[in-house]
Structure formats: structure tokens, C-alpha cells
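Heads up: the structure comes next, in C-alpha cells.
The values are calculated or read from the model by the stated rules, or taken from the named source; none is laboratory data. A quick note: this is a predicted structure, and the numbers were derived from the prediction, not measured. Neighbour counts are summed over all protein chains in view; Cβ atoms, including those assigned to glycine, are modelled from backbone coordinates with ideal geometry. Just the protein is used for accessible areas: all its heavy atoms, side chains included, with ligands, DNA and RNA removed. Shrake-Rupley method; radii C 1.70, N 1.55, O 1.52, S 1.80 Å.
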Amino acid sequence: MKDKAYSTPRGTADILPDEIPYWRFVEETARAVFERYGYKEIRTPIFEETRLFNRSIGNATDIVSKEMYNVSATGSDENESFSLRPEFTASVVRSYIEHSMEKTQAFRKLYSIGPAFRHERPQKGRLRQFHQLNVEAIGSTDPALDAEIIQMNAQLFGELGLNKHEVRLNSLGCAKCRVIYTSMLRKHLEPAKQGLCPNCRTRFDVNILRVFDCKNPKCREIIKGFSVSENMCDECKTRFKTVQSYLNASNVQYRLDSALVRGLDYYTGTVYEITYPTLGAQDALGGGGRYDNLISSLGGQNLGAMGCALGIERIIIALKSENTVPSDKNIKLPDLTAFIALADASLKETALKLLADLRKAKISADTDYESRSLNSQMRMASKLNVKYVIFIGTSKSADLANVKEMHTGKETQVKLTDLTGYFK
Ligand code: HAM
């Protein structure tokens, strides 16, 4: 019996060659913008100890309680438990602490690009393996940094041609005011507790802020009217105002949203999310915020930090909805310069030597590997959109090639030994 056909696991996708120009465009634009703002690239492992994510993202979050992929090696009797990263922040902070970065240069701006994994219900814009552009600035509590990161996001979206993005902004205050406003929130919700969904009744006891994450309309109605940022301490209110004034000064548009709490536990102070109107249900292009307690809670020093992550798949959906075709932006991947067409298979050795010479001279080139007829090799060359076809074995003299310029149809005879120079 034949095996059932193999396919990608649910919620994952192959990124086929036709899609790559979008990916390159997004990644290269992001790298250029991040590096212009002083960020340096960091690459961390795709899996980490599970306890790192539990501790940083929080046991009561959906990510940790339902969505992490645990990994183990077949035949391994290790006691530690490992998980695929559901995001980057925990790993980058772990790396910052592990390499004592604060000793050489406490303030670091770090970015990463790569896959993350969450076992969510797949739908448009929501995958189980997705990719993020991630940014962390560790070692400063300066509100200017909050504004700068949000402004950098806006600049990136502008450079990508995504001009309809919306920034929603809130503040979750410091640890001290969190104790106060969560107890106020408890009082606010207590009378309506029985009306909350079973999940939120648990959240009420375990981590009450998570009630804000609930999509259930009844829970949303009950929590409506409670504003975290209005119940913060004066210092946090002033900081939040400063962030807003910096954003105003740099002309970044935003909307205050008192219900925005973000789905990860490490946030303190500024939080924000960026949405795009054409994305549908999964409309968050990205989000981030401050996490001034995370470094110390993972064993590092008491240092402020701020970061964000943007979802590449969603950025690409938004690009397509805007008809921002990569070729319009002149980022189409280059086609091959030359295709070597052989009149006879016995000329393979000559063709391979020529190909090697061309490629050594940094001229992109390819040939036929399917023993096709000359006509069919020509069709192949047109499909590849090469600039020139080099015919071998069609000239009377064995040391000459006919070179056809595809654009004009003009043919020239070139000595095999002069070919590399001809394309230079
Ligand atoms: P997050 O909001 O969980 O934040 O994810 C950031 C972005 O990643 C989302 O807005 C979305 O575009 C994309 N994303 C998340 N989950 C999925 C999914 N299942 N499928 C497709 N795209 C997805 C974080 O991850 C924080 N670590 C951001 C951060 C960095 N905060 C501070 N530093």
C-alpha cells in the first residue's frame, strides 16, 4: 500500500521561490532600518530551557500554558525540559545575562530575525511556525527609548510602503502600582465574577490582568470601563506622558487604548500594538513594550529594557493587500546572465568548464541538465529570463560559441577563451 502523501505540519508553510522576493524585501529593509538606529544582530538557539519561558512570559499566559512545543531527543534521558522558542525576548535577555554584556557595555541594542513557534489554532495570519523581526534595547529606562522604538516601527512600515498602520498605546505602570491597580481591578470585577467565562474566572484568581486578553464579548463588556493607566502611580503617569510627548515631537500617530495589556507577563510601563486594517481577524502586525523587571527576575542586574516584535507573514499579507509588488520597489531577485545551450551532449565537458570559468568571474550562469533538444533549451533559457544564451557546437569552428542577446535577438560569434571577458 502506498504511504499517504506527505505534507507540511498544520500551521506551517513552505516559503516557495516565488515568495522569496517578499521575504528578502522585508528582511533587508528591516535590517537596514534597525542598523540605522544602532541595532546589532544577535542569533540565539531556536530552543531553550522550558523554565526560561515559564519564568519570563509567565505560567498563566496562553503561550506558556497552552502553546509551547516541547522538544526532546529520541533516546535522551536528560532531565531538563526544552521548548521551541515562542518568541525572542526571553532568549535575548538570557544571552545578555549569560555573556555578562553589562560588564563591557551595559546598554545594548540587539535585533534578530527568525522563526518562532506557538501551538495556536491556525488561520489566515496565524501560524504555528511564524517569523518575527525582533528588537530589544537593554540597559536603559529612558522614555526616549520607548518613543524611538515605536517611531522606528513606523519608519520601517513607511519604507515598506505600508502607510495605513495604526499604533495603539497604553502603559501598565511599575510593579508598585501594579499591586494597587490589580487590587482595584479585583474589586471592579468581583461583583460580576460569576458572569465571566470559566477561563477568566481562573484568570481572576491566577493573573487578573489576563482577563483583558479574553475575546468573549461578555468578559469584554464586564472589564470595559477599567483603565490601568488611569490607576497608575504619579511617577508612571508622568513617564507615560513623556513618552507621548516624544512621540508627538517625532510626528508618530498613535491612539491611546486603556484595554491594551499584551499577552506576555513581563511588561511594565509602555506597551503598544500596531495593527493594519486589511489584515482581517489577525490584525496585529507587531507589538512590544517595556520590561524593566525581566533582567533582574532572570538573574541579571536591575536594568530597564524595551523591545518589540513584528510578524513577517502578516507584513507580507499587508504588502500583498496594498499591491506593493516587490518588483515595483526594484527588489526583484536578479535573473541569470547566461545560459549555455549544447548542440550535443558530448559537449558537456566543455560546457562545465565554461560554466565554472563564468561563475568564478562572478557571472551567473547555468546549463541544461535534462538532455533537451536545442529548441527546448532555448525555451528553458527564455523561461529563466537570462540575458544571453551561449550556443556551443552550433558554429563551424569548435573553439567558437554563438552568443545570442535575448533582448535584441542579436547574435555574435565569440571565442570560447574570450567568453568570460565578453560578459564583463
Ligand atoms: P507578540 O505580540 O506575542 O509579542 O508577537 C509579536 C508579533 O508576532 C504579533 O503582533 C504578530 O505579528 C506576530 N505573531 C505572533 N504570533 C503569531 C502567530 N501565531 N502567527 C503569525 N504571526 C504571529 C512578542 O512576541 C514579544 N516578544 C514582543 C516583544 C519584544 N516585546 C518586547 N520585546
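Miscellaneous remarks
- Looking only at region 71-93, and only at residues there that are in contact (Cβ under 8 Å) with a residue 12 or more places away in the chain and more than 16 Å from the ligand (Cβ to nearest atom), the one that is most open to solvent (accessible area, probe 1.4 Å): Glu80
- Every pair of residues 6+ apart whose Cβ atoms lie under 8 Å, when the first sits in region 111-135 and is within 15 Å of Ile315 (Cα to Cα) and assigned to a strand (DSSP E or B) while the second is aromatic (Phe, Trp, Tyr) and within 7 Å of the ligand (Cβ to nearest atom): Gly114/Phe88; Pro115/Phe130; Gln132/Phe88; Asn134/Phe88
- For first residues located in region 263-281 and within 21 Å of Thr242 (Cβ to Cβ), partners that are within 8 Å of the ligand (Cβ to nearest atom) and not in a strand (DSSP E or B) and lie 6+ apart or on another chain with Cβ distances below 6 Å form the pairs Tyr267/Tyr291; Val271/Arg262.
- Per the conditions (1) open to solvent by 30 Å² or more (accessible area, probe 1.4 Å); (2) in a helix (DSSP H, G or I); (3) closer than 17 Å to Arg290 by Cβ, the sole criterion not satisfied by Glu159 is (3).
- Top-ranked residue of region 14-50 - restricted to ones that are assigned to a loop (DSSP other than H, G, I, E, B) and touching a strand residue (DSSP E or B) at 6+ places or on another chain (Cβ under 8 Å), ranked as surrounded by the fewest Cβ atoms within 10 Å (Cβ to Cβ): Arg43
- Within region 244-267, the set of residues being among the hydroxyl-bearing types (Ser, Thr, Tyr) and away from the ligand (no atom under 11 Å from the Cβ) comprises Ser245, Tyr246, Ser250, Tyr254, Ser258.
- Out of Ile295, Ile316, sole residue that is within 16 Å of the ligand (Cβ to nearest atom), at pLDDT 95 or above, in a helix (DSSP H, G or I) and within 27 Å of Arg128 (Cα to Cα): Ile316
- Residues satisfying the stated conditions in region 94-129, i.e. open to solvent by less than 30 Å² (accessible area, probe 1.4 Å), within 13 Å of the ligand (Cβ to nearest atom) and touching a strand residue (DSSP E or B) at 6+ places or on another chain (Cβ under 7 Å): Tyr96, Leu110, Tyr111, Ser112, Gly114, Pro115, Ala116, Phe117
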